[in-house]
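The values are calculated or read from the model by the stated rules, or taken from the named source; none is laboratory data. Quantities reported herein were computed from a predicted structural model and do not represent experimental measurements. Counting neighbours? That spans all protein chains shown, and the Cβs are built from the backbone with ideal geometry, glycine included.
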C-alpha cells in the first residue's frame with residue numbers, strides 16, 4: 001500500500017509499506033495492504049512503517065489518518081523522527097537557560113518550552 005505522512009510543515013515521508021501501525025487515540029491501529037476505508041483520530045504515540053523488512057518510526061502528536069483505495073494519508077499535528085532525541089538533548093541545557101532568562105510567553109520562551117516538551121515526549125516513548 002502507499003502512504004503519505006504530512007505535518008503542518010509539509011510532506012515528511014511517503015512510499016510503500018507492507019505494514020503500518022498508527023497511534024490511535026484509543027490504542028494502536030494495524031494497517032495492512034487492501035485495508036478497508038478508514039478515518040480515525042491519532043493520539044500521541046509512535047507511528048511504525050514497515051517496508052521490505054525495514055522499519056521506520058516517528059513520534060506523532062495528534063492528527064488524523066484516512067485510508068482510501070489502498071492509500072493511507074496521515075495528517076499529524078507534529079512529527080519527530082525517533083532518532084532526533086540525541087541532537088535535542090545537546091540543546092537541553094541551553095533551552096533551560098533560555099526559559100530562565102526570558103519573559104514568560106515571549107517567542108523565545110515559547111520556542112524553548114515547546115522543544116523541551118518534545119524532548120520529554122521522546123524520552124517517554126523510549127527513544128535513545
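Brief remarks follow.
- Screening 22, 82, 60 for residues that are modelled with pLDDT under 85, surrounded by 15 or more Cβ atoms within 10 Å (Cβ to Cβ) and closer than 20 Å to residue 5 by Cβ leaves exactly one candidate, 82.
- Count of the stretch 1-19 residues, restricted to those that are surrounded by fewer than 16 Cβ atoms within 10 Å (Cβ to Cβ), in contact with a strand residue (DSSP E or B) (Cβ under 9 Å, 6 or more places away or on another chain) and over 24 Å from residue 123 (Cβ atoms), is 8.
- Residue identified as part of a helix (DSSP H, G or I), outside the structural domain of residue 18 (by TED's automatic domain parsing) and under 14 Å from the mean Cα position of the chain (by Cα) among 112, 120, 93: 120
- All positions within the stretch 65-86 that are within 17 Å of residue 9 (Cβ to Cβ) and not in a loop (DSSP other than H, G, I, E, B): 73, 74, 75, 76, 79, 80, 81
- The stretch 35-57, subset in contact (Cβ under 8 Å) with a residue 24 or more places away in the chain and assigned to a loop (DSSP other than H, G, I, E, B), residue surrounded by the most Cβ atoms within 10 Å (Cβ to Cβ): 35
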